[in-house]
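Only one structure is covered here, and it is reproduced in the block below.
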Amino acid sequence: DELASGGLPNASRARHRRHARARDNMGSFKSYFPSSLYRPLVSSATACQGLDTSATPARSKFVHPAANFTAHSAQEFDLSYFLKGALAGGICCSVTHGALTPVDVVKTRMQLEPLKYTGMVSGFQKVIAEEGAGALLTGLGPTAFGYFVQGWFKFGGVEYFKVQASQKLTPQQTWDNRNSIYLGSAAAAEFIADIFLCPLESTRIRLVSNPTYADSMIGCMSKMAAEEGLIGAFYSGFAPILAKQIPYTMTKFAVQGIAAEKIYDSLGKKPKEMSSSENLSVSLASGVIAGVAAAIISHPADTLLSKINKAGAGGSGGMLSRLGNIAAETGMWKLCTQGLAARCVMIGTLTAGQFGLFDIVMQATGATKFHFHDPAEEH
């Protein structure tokens, strides 16, 4: 020790003596445990390539076996994280869908009565002139409640399935398969969410297509169940809602993830290197792109869903028979284009708002949002 510390300043000699005492203590401590629990100490001076070791005395440093593992801890993504994600999803879906109820009313009227409602602006004017401004809020109750439930299972489910998939794969496998994880997580979460959404969406469409049918959401649901039975009233649109919502949600989350990744790459920054407001801006921009793409993909099924929930549409046969009749009567071009512009405006705005609100609520609850990371860039 005297030789090793010769010529060093007083502070350095004192520090060196402390290290020497620690090594001596560690030697006696290690005798109580099997030697297999210990690994050779690595010199921090020689661990750094290109470092000139001649000018700096070597100092011992313990290297933890998991020092290079960069995945988030299991504790960070426990039940409380998934509940926070579900709450944030419920709030963001309820608020955005509820706020856009007037647009959805006109869009649905355009799909159901295209000869009368020929455009978005003229549609607004006709609804207000004939039924009053309050008619634009038709179906607000089932919309807000239904999409809170759907958002709870959709966003919470996507977070759950993403984390579960990433924990079963290596960091590199997770990164390489991130798009498949987005798609699979979104499909599974949306299927579960639609089981709860379908009855409320059927109620909303009935109220929008026939405002005099009932005075409230509960009254409408009771009357529909009495007249058509539970399955006929609330799940006749289950197939089209799955055909609409699953591709929509898969596109929405996958495109948003890719778009956000490209935006961060163009800025040369990672999410953790940006402020909350900057990350929010990325979420909004990528949300608009994802919303428009998702609207185009899912629009034919959305048109079918609107039409099949109108009383008497497609005849009196089974669900598949009615769907076939509606598709034949409407034609593929009209299925793909009736109300599409209005829906792109609506879904683009709605999706951007959802991802923005989701980030805000997650931050307010103290949750750190899950992100895919390229492990090659973290070393």
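The values are calculated or read from the model by the stated rules, or taken from the named source; none is laboratory data. Being a predicted model, the structure only gives us computed values, none of them experimental. Cβ placement follows ideal geometry from the backbone for every residue including glycine, while neighbour counts extend to all protein chains displayed. In case anyone asks, the SASA skips ligands and DNA or RNA and just uses the protein heavy atoms, side chains included. Shrake-Rupley method; radii C 1.70, N 1.55, O 1.52, S 1.80 Å.
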Please arrange Ser275, Ser306 by accessible surface area, largest first, computed with a 1.4 Å probe and ligands excluded.
Ser275, Ser306
Computed lengthening from Asn177 to Ser80, 0.36 nm per intervening residue step minus Cα-Cα distance
32.3 nm
Stokes-Einstein diffusion coefficient of segment 225-379, Kirkwood radius over Cα pairs, 4 °C, 1.567 mPa s, in µm²/s:
73
Where a ≥ b ≥ c are root eigenvalues of the Cα gyration tensor, a/c under 1.5 meaning rounded, otherwise prolate if a/b exceeds b/c and oblate otherwise, segment 158-262 counts as prolate
Placing +1 at every Lys and Arg Cβ and -1 at every Asp and Glu Cβ, with all other atoms neutral, what dipole size does segment 283-379 have around its Cα centre, in debye to the nearest 20?
660
Of the listed peptides 184-195, 152-163, what is their order by residue-averaged count of other C-beta atoms within 10 Å, with the highest listed first?
152-163, 184-195
Karplus-derived 3J(HN,Hα) from phi for segment 321-335 (6.51 cos²θ - 1.76 cosθ + 1.60, θ = phi - 60°), whole Hz, x at Gly and Pro, runs 5, 5, 4, x, 5, 5, 4, 5, 5, 7, x, 4, 4, 5, 4
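Note the per residue figure in Å³ for the convex hull of the C-alpha positions in segment 245-324.
Roughly 93 Å³ of hull volume per residue.
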Under the classification rounded if a/c is under 1.5, otherwise prolate if a/b is larger than b/c and oblate if not, where does segment 76-215 fall, given a ≥ b ≥ c as square roots of the Cα gyration tensor eigenvalues?
prolate
Point-to-point label distance, Thr212-Glu278, nm (Cα→Cβ direction, 7 Å offset)
5.9
Can you compute the modelled spin-label distance between Cys336 and Tyr235, with each label point 7 Å from Cα toward Cβ, in nm?
3.2
In nm, to one decimal, how far is the Ile258 label point from the Glu329 one, both placed 7 Å along Cα→Cβ?
3.7
How would Ser236, Ser266 rank on accessible area, largest to smallest, probe 1.4 Å?
Ser266, Ser236
Taking the alpha-carbon centre of each part, the distance from segment 337-379 to segment 212-267 in Å is 18
